[in-house]
């Protein structure tokens, strides 16, 4: 089993990043059987599909590396690297561009959403980045890829590209690419804003009170939870009672995700109580969970040299693992490569 997954380097990491993706990565690493492997990468090449600040991208890449290690990704047990140090990602994307079809990419929901009405003004990279995503996982013969709802379509595209390539250029008993299977996280931890239960928690929200940052100290976390938007009704005793109460549902969902419980179990404990009792309990659980992560993150973030070394070691391992697939793809296409 080989699990491959990437995350775009974005600064100001928050609770949504941790519960939505990073914690699942740590769990997969810790549950991996002997002989299996996880490869986790910072998708800095994908950042080029949108306007970006080069210095900001560099800083965010190191910050994300620090966050992943602080949250529990062990560079000695998993392969942790950034794309830009493994040119085979971009090489394989180009080889796969000959197999991918315009119609397939035109149907990508995220392309439609991000391009909007100004498709002609978008970068080619934004249109073709699902092909780079396919290269990201096919390069390493990934058997499994963790996907959320918004990435299912892209994994299906990767499988389509791999299947067509194998059909067009390989014999049936010697395919170049493994078709990866999806891993659907056990819990869909969709964390919403503390100021608006209908909007996703985001670093782009101008209000710092809308999110819990990984670097927030205990007092800040407690203050943000205390001021989180709620409604005047007490918590219900059953999940159905959260319908139409997005802020209450969000806080219960955060508690459940942190405690490893179902929302029903949280409501069995706190049902009938007001937020005056629930919020302090939630704040304490957040501090208990994020406190050690934040402390480790701040320590790591100050040592850019150590972070560079971690990424360089991971990239060397990744390059080694990607070479056989890349060479096989060149050979299958009839390209002479010495």
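Numbers below:
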{"item": "Count - residues of region 278-289 that are in contact with a helix residue (DSSP H, G or I) (Cβ under 7 Å, 6 or more places away or on another chain) and either at pLDDT below 95 or under 15 Å from residue 212 (Cα atoms) (or both)", "result": "7"}
{"item": "Helices (runs of 4 or more DSSP H) fully within region 203-322 counting 1 or more residues that are more than 28 Å from residue 81 (Cβ to Cβ) and in contact with a strand residue (DSSP E or B) (Cβ under 9 Å, 6 or more places away or on another chain)", "result": "218-226, 246-259"}
{"item": "Region 127-150, residues that are surrounded by fewer than 17 Cβ atoms within 10 Å (Cβ to Cβ) and part of a helix (DSSP H, G or I)", "result": "149, 150"}
{"item": "Residue in region 76-122 that is nearest to residue 326 (Cα to Cα), counting only those that are modelled with pLDDT of 90 or more and within 17 Å of the chain's Cα centre (by Cα)", "result": "83"}
{"item": "Residue in region 221-228 that is surrounded by fewer than 17 Cβ atoms within 10 Å (Cβ to Cβ), at pLDDT below 95 and over 20 Å from residue 199 (Cβ atoms) present", "result": "no"}
{"item": "Region 151-184, subset part of a loop (DSSP other than H, G, I, E, B), buried (at least 17 other Cβ atoms within 10 Å of the Cβ) and in contact (Cβ under 8 Å) with a residue 24 or more places away in the chain, residue nearest to the chain's Cα centre (by Cα)", "result": "180"}
{"item": "Filter result for the condition that a residue is closer than 24 Å to residue 70 by Cβ, surrounded by 15 or more Cβ atoms within 10 Å (Cβ to Cβ) and not assigned by TED's automatic domain parsing to the domain that holds residue 15, over 287, 252, 266", "result": "287"}
{"item": "Residue list for region 90-110, filter: in contact with a helix residue (DSSP H, G or I) (Cβ under 7 Å, 6 or more places away or on another chain) and farther than 18 Å from residue 159 by Cβ", "result": "91"}
{"item": "Search result, residues across region 115-126 that are touching a residue at least 24 places away in the same chain (Cβ under 8 Å) and part of a helix (DSSP H, G or I)", "result": "125, 126"}
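The values are calculated or read from the model by the stated rules, or taken from the named source; none is laboratory data. The structure displayed is predicted, hence computed values, not measured ones. So basically every Cβ, Gly included, is an ideal-geometry build from the backbone, and we count neighbours across all protein chains shown.
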